[in-house]
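Only one structure is covered here, and it is reproduced in the block below.
The values are calculated or read from the model by the stated rules, or taken from the named source; none is laboratory data. For clarity, every value in this text was computed on a predicted model and none was experimentally measured. Note: ideal-geometry Cβ built from the backbone for every residue, glycine included; neighbour counts use all protein chains shown.
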Amino acid sequence: MLMRGAIEAIRSGVLADPAVWLAPLAIFGAVFVAAWIVRRVLLRAVRAWTARAGSQSAQVLAEALRGPSLIWGLILAAHLAVQASDLPPNAADFSSKTLAVLLIISLTLAGMRLARDMVRFYGSRIPGSAAPVTTLTQNLAQIAVLILGILVLFGDRLQRITPILTALGVGGLAVALALQDTLSNLFAGFYVAVAGQIRPADYIKLNSGEEGYVADIGWRSTTIRGMSNNLILVPNAKLAQAIVTNFHLPEKRMSTSLEVGVSYDSDLDQVERVLQEVASAGAGEIPGMLPEPAPSVMLDPGFGDSFLGFTVSFQVAEFASQFRVRHELRKRIFRRFRQEGISIPFPTRTVYLAGGGQELGAGPETRQEERKG
């Protein structure tokens with residue numbers, strides 16, 4: 001009824017005397033142009049300051065306020081135009097309330113975007129942050145701002161909608177039972193994101209065999225990008241219950257090893273010296289191989305079926321680096337063994353053949369060595 005009465009009052013006023021609206025329209029145009037000029041000046045100043053000081057947070061703020069600031073200029077211009085007009089009280093009251101609702105909605109939308117961008121900006125720059133940058137954490141920040149905006153918008157009407165909220169709460173129990181799995185994944189994803197033990201860009205491996213880099217933690221599932229560049233979707237509830245190995249915690253660097261077998265005729269000290277020299281030289285040249293702590297060589301696993309096993313232990317920058325480092329080390333070790341005359345034996349097997357019965361005329365036991373390459 002209020003809206004209909006305001007529309008009728010505005011229509012009758014315009015038809016009765018159109019010249020009455022010239023002053024409000026002039027005020028609206030002047031205020032909007034002034035607000036638009038101020039907006040452009042402020043945005044240019046922020047861009048210049050960002051380029052000069054290198055502050056990305058100011059740029060995030062400017063991008064979040066670029067669109068809403070234009071709407072705020074329109075709302076301010078419309079409000080001043082309404083105040084300067086001769087509208088009836090009911091029409092002026094309706095216009096003021098409408099503009100206030102639009103202002104709250106625009107502020108809420110701007111706050112949601114700003115909260116999302118700030119979480120993304122600061123979360124990616126805080127080492128070991130307890131709230132890593134994920135889709136879930138960004139959405140939670142936006143929901144918090146949205147709830148605040150709703151409370152501001154309907155603050156004086158909460159008593160009227162309390163019975164409706166009570167009815168929705170009772171019906172929510174049935175919905176919660178129907179969406180039990182979905183809610184389980186939601187809360188599990190929230191726990192995984194806030195705990196900080198599994199973060200985006202971490203390389204993890206589950207006890208069920210799935211492994212790869214964490215791409216994102218969403219409402220329902222966590223996305224893992226495998227080494228073959230495919231995506232693995234793991235429900236958050238399964239991830240929260242799984243035994244997870246995180247190869248990026250407490251730090252990305254990790255220790256790995258390479259086994260090398262040599263002939264039993266080899267000089268053990270010579271082999272150890274050669275392997276140590278190759279590994280130490282590679283630590284300063286091979287990408288992904290770290291010089292500290294220094295590589296080490298040990299006679300382990302030691303005595304094999306047909307070889308003596310040495311283990312070269314070294315540090316790599318992260319999990320994915322070990323494959324390239326092993327590849328390069330194997331080539332260097334093979335070339336150096338050829339130069340030093342160190343042989344890598346083929347597997348050998350000794351077979352004993354027992355003589356047959358007298359009817360075969362077999363002689364005493366014979367022994368035959370079989371070498372397989």
| query | Which of the residues that make up the stretch 178-225 are part of a strand (DSSP E or B) and polar (S, T, N, Q)? | reply | SER221, THR222, THR223
| message | I'm trying to understand the selection: among the residues of the stretch 223-232, which are among the hydrophobic types (A, V, I, L, M, F, W, C), within 14 Å of the chain's Cα centre (by Cα) and more than 12 Å from LEU206 (Cα to Cα)? | response | LEU231
| query | Does any residue in the stretch 331-342 that is not assigned by TED's automatic domain parsing to the domain that holds VAL312 and assigned to a helix (DSSP H, G or I) come within less than 9 Å, Cβ to Cβ, of a residue that is buried (at least 16 other Cβ atoms within 10 Å of the Cβ) and not charged (D, E, K, R) six or more places away or on a different chain, and which pairs are these? | reply | none
| said: Looking at the stretch 246-292 only, could you name the residues that are assigned to a loop (DSSP other than H, G, I, E, B) and over 38 Å from the mean Cα position of the chain (by Cα)? | reply: SER263, TYR264, ASP265, SER266, ASP267
| Residue check, SER106 at pLDDT below 75 and touching a Phe, Trp or Tyr at 6+ places or on another chain (Cβ under 9 Å) | no
| said: Taking the conditions exactly as written (in contact with a Gly (Cβ under 8 Å, 6 or more places away or on another chain) and either modelled with pLDDT of 90 or more or not aliphatic (A, V, I, L, M) (or both)), does ASP265 satisfy them or not? | reply: no
| Counting only residues that are of a type outside the set (S, T, N, Q) and under 41 Å from the mean Cα position of the chain (by Cα), which one in the stretch 294-310 is surrounded by the fewest Cβ atoms within 10 Å (Cβ to Cβ)? | ASP300
| message | For the stretch 184-208, which positions are crowded, with 18+ Cβ neighbours inside 10 Å, among the β-branched types (Val, Ile, Thr) and over 11 Å from the mean Cα position of the chain (by Cα)? | response | VAL192, ILE204
